[in-house]
1. Among (1) farther than 25 Å from residue 279 by Cα; (2) surrounded by 18 or more Cβ atoms within 10 Å (Cβ to Cβ); (3) of a type outside the set (Val, Ile, Thr), which single condition is residue 37 missing?
2. Based on what the data block shows, is residue 221 surrounded by fewer than 24 Cβ atoms within 10 Å (Cβ to Cβ) and either under 22 Å from residue 292 (Cα atoms) or not basic (Lys, Arg) (or both)?
3. Taking region 256-275 as the search range and keeping residues that are touching a His at 6+ places or on another chain (Cβ under 9 Å) and assigned to a helix (DSSP H, G or I), which one is surrounded by the fewest Cβ atoms within 10 Å (Cβ to Cβ)?
4. Does residue 123 satisfy the condition of being in contact with a strand residue (DSSP E or B) (Cβ under 9 Å, 6 or more places away or on another chain), in contact (Cβ under 8 Å) with a residue 60 or more places away in the chain and either closer than 26 Å to residue 240 by Cα or in a loop (DSSP other than H, G, I, E, B) (or both)?
5. Identify the single condition in (1) farther than 20 Å from residue 178 by Cα; (2) at pLDDT 85 or above; (3) of a type in the set (Gly, Ala, Ser) that residue 335 does not satisfy, given that it satisfies every other one.
6. Take region 278-290 and flag every residue that is assigned to a helix (DSSP H, G or I), without any contact (Cβ under 8 Å) to a residue 60 or more places away in the chain and under 17 Å from residue 239 (Cβ atoms).
7. What is the number of the single condition among (1) modelled with pLDDT under 95; (2) in contact with a helix residue (DSSP H, G or I) (Cβ under 9 Å, 6 or more places away or on another chain) that residue 43 does not meet?
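The values are calculated or read from the model by the stated rules, or taken from the named source; none is laboratory data. This structure is a prediction, so every number in the text was calculated from the model and none was measured. Because the Cβ atoms are built from the backbone with ideal geometry, glycine has one as well, and the counts that use them run over all protein chains shown.
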Amino acid sequence: MDGNPALCLALARPESMTERTGAEWSAMLAAARETSLLGALWQRAREAGCDQDLPEPVVLHLTGAAWVAERRAEALRWELEELSRGLLTRMAPPVLLKGAAYLLADLPNAHGRLANDIDLLFPESEVERAESLLFFEGWVGSHHDDYDQRYYREWMHELPPLAHRQRGTTLDLHHNILPRTFQVKPDADRLHERSVAVPGPWRFRMLAPAHMVLHAMVHLFSETDWERGLRDVYDIHVLTNHFAARDGNAFWEELVVEAEALKVTWLVQRALWLCHRHLGTDIPREATVRLAAASGARRISPAARWMFRHGSQARAASCTPLQDATARGLLFLRGHWLKMPPGLLVRHLFYKAFLAPKDDEENARHQA
């Protein structure tokens with residue numbers, strides 16, 4: 001079995017891991033390593049009670065990855081503790097996004113997940129004040145070129161990334177979940193109004209369940225870089241299953257209503273299709289029908305299905321590398337097309353290709 005379907009099957013039905021041959025394990029581990037899902041595989045094996053039935057070399061790979069993920073989580077908690085008692089206490093509690101929120105809320109997809117940075121959501125009128133306060137705690141901007149500053153501050157949904165001078169941790173300050181120049185603009189006030197307090201003693205908030213799932217969906221399906229697309233698909237799959245099991249039909253009702261209210265129905269349709277395609281996510285027919293009938297809905301063309309399917313595969317273990325590379329290239333172009341109007345897009349790509357400082361490649365990759 002190709003490494004990609006084997007990995008998807010293991011994430012959806014972890015007991016299938018006991019059926020893999022040595023060659024299949026090699027391909028599956030390569031795919032999991034590329035998509036940062038080794039720790040998640042170990043978590044799924046433990047949940048299914050089949051961790052003791054796996055080959056010893058595989059166990060060493062997976063437990064090592066789980067250990068690294070645990071150490072990263074400890075470091076992230078420490079950083080969040082520092083933020084929660086620092087100068088940001090002069091402001092209203094910010095909303096945690098993505099990995100940090102999954103971790104502090106102890107959501108199922110947090111276990112074994114590699115958390116790399118911290119994402120905070122502030123009201124647009126407050127985000128630069130937060131940046132100023134954080135400067136006095138050692139957080140400095142990582143993009144100093146005038147063009148990059150304009151790119152973030154005028155067109156994007158976040159400020160230039162901050163990095164701590166001593167610890168090197170990355171911190172992103174958001175004021176929305178999609179760029180200002182994107183084809184649609186979600187109502188950020190709606191996200192703040194429906195946010196909930198993070199459990200425990202933390203001085204943070206997190207998105208409401210439906211908004212958390214919607215953010216994971218739009219984050220992937222508005223991206224130019226799909227290198228770890230399967231990890232994002234797994235996040236959506238686990239979060240959807242978790243909240244649907246907890247809240248039943250009320251979760252699906254809220255998801256459809258909020259998708260329409262935030263004008264991201266068409267992105268949600270694609271995310272749910274890909275989750276079902278890769279991981280067999282259980283989606284009620286009523287939710288699919290209602291999404292298709294909602295304002296902003298768009299049919300998913302066969303070409304788009306091909307692009308999403310191949311573009312989200314790990315290249316290290318794929319039997320269709322040329323198709324995967326082509327799909328990734330198309331997704332890169334698609335992400336930029338959605339992100340900017342044509343005139344601005346041409347200017348941006350021309351600048352990055354011919355005028356940007358050559359030692360600024362890392363910044364260019366971050367923006368892409």
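1. Failed condition: (1).
2. no
3. Only one residue fits best here, namely 258.
4. no
5. Just one mismatch for residue 335, condition (1).
6. Matches in region 278-290: 287 only.
7. Among (1) modelled with pLDDT under 95; (2) in contact with a helix residue (DSSP H, G or I) (Cβ under 9 Å, 6 or more places away or on another chain), the lone unmet condition for residue 43 is (1).
Each row is one residue, and each column tells you yes or no for (1) of a type in the set (A, V, I, L, M, F, W, C); (2) touching a Leu at 6+ places or on another chain (Cβ under 6 Å); (3) not in a loop (DSSP other than H, G, I, E, B).
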residue	(1), (2), (3)
63	no, no, yes
68	yes, no, yes
79	no, no, yes
82	no, no, yes
89	no, no, yes
92	yes, no, no
96	yes, no, yes
99	no, no, yes
